[in-house]
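What follows is one structure encoded as structure tokens, with my remarks underneath.
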Amino acid sequence: MNKSDENITTLWNSTFDVGVQILPDYSEDGNNKGFSKSRPIATINFDTRWTKDKNGTGSVKNIGIDIKFLGTAADSNRTSPSSFNDVSDTLDISIYGQYIPDFDWMKLGMSRDLFSEIGVITHIGLRSRDQKSSVGDTVDTYADIGLKYSYFNTNPYKTDGIANELPNFYMGAYGRYYSDYNGFSDHIRYVIDFKYKVSPKYNFFIGAEANIGQHEDEMYLTLTFRNDINKLFSFFGVGEE
């Protein structure tokens, strides 16, 4: 069997992002005071992808896990579904799977100087809020499906058997189902997010997410630095002899 006919399984790419989340602040009576609140945000990501060969020919499969520590808008003292009036500490855990078919227009120049791809992606996740809403659950589950565009600075399949690059830029759009959204059960929302590496030297990213639909929208910006997760483990002495 030729090498190009074998499935190349890449290693997990394990990273963590830390930085600042900028989001709206709210008054007690539910007035949005604009993007005037900032707080820490951290994300741990485990990601892998595989295809038939290092040139990216054939369909591409991408799976991963996201663990986020962030703030989300909440309704802390309402007796019925209403507008947001607070920001809650939140743990968001999701798994995702992406499929990029073997179509030239879905993988834009993967064998040239531009390494881009468009794929169908789905997420399944849960959010655990520190502050329980009077009209909602502390833990909410969600699932979505949508499209994701990714741009890579280098070919993510450049080394047989071991390569896996995270994109320098991505943008996604998803239709998302929530078991509970601010007191509204079985709720459908539309989520758009992006992340862009502004400084390759310092692994500095800017990003944003918008959660829009019926009832009040939720948006935030992020300014984060990315590093290999092994350095995080070393900081806490994990794996050291």
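The values are calculated or read from the model by the stated rules, or taken from the named source; none is laboratory data. In this text, all values refer to a predicted model and were calculated from it rather than measured experimentally. Heads up, the Cβs are rebuilt from the backbone with ideal geometry, glycines too, and the neighbour counts pull from every protein chain shown.
So if I check each of K33, K3, K37, which one is charged (D, E, K, R) and modelled with pLDDT under 80?
Details: K33 fails: modelled with pLDDT under 80; K37 fails: modelled with pLDDT under 80.
When all the criteria are applied, what remains is K3.
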Count of the stretch 199-233 residues which are hydroxyl-bearing (S, T, Y), surrounded by 15 or more Cβ atoms within 10 Å (Cβ to Cβ) and not in a strand (DSSP E or B): 0
Residues within the stretch 77-96 that are of a type in the set (G, A, S) and modelled with pLDDT under 70, tallied: 2
Criterion violated by G56 - all others in (1) over 19 Å from the mean Cα position of the chain (by Cα); (2) at pLDDT 85 or above satisfied: (2)
Number of the exception - K195 against (1) under 16 Å from the mean Cα position of the chain (by Cα); (2) of a type in the set (K, R); (3) more than 19 Å from S38 (Cβ to Cβ): (3)
Hits in the stretch 166-198 (condition: crowded, with 19+ Cβ neighbours inside 10 Å, under 24 Å from T138 (Cα atoms) and out of contact with any Asp or Glu (no Cβ under 8 Å at 6 or more places or on another chain)): R189
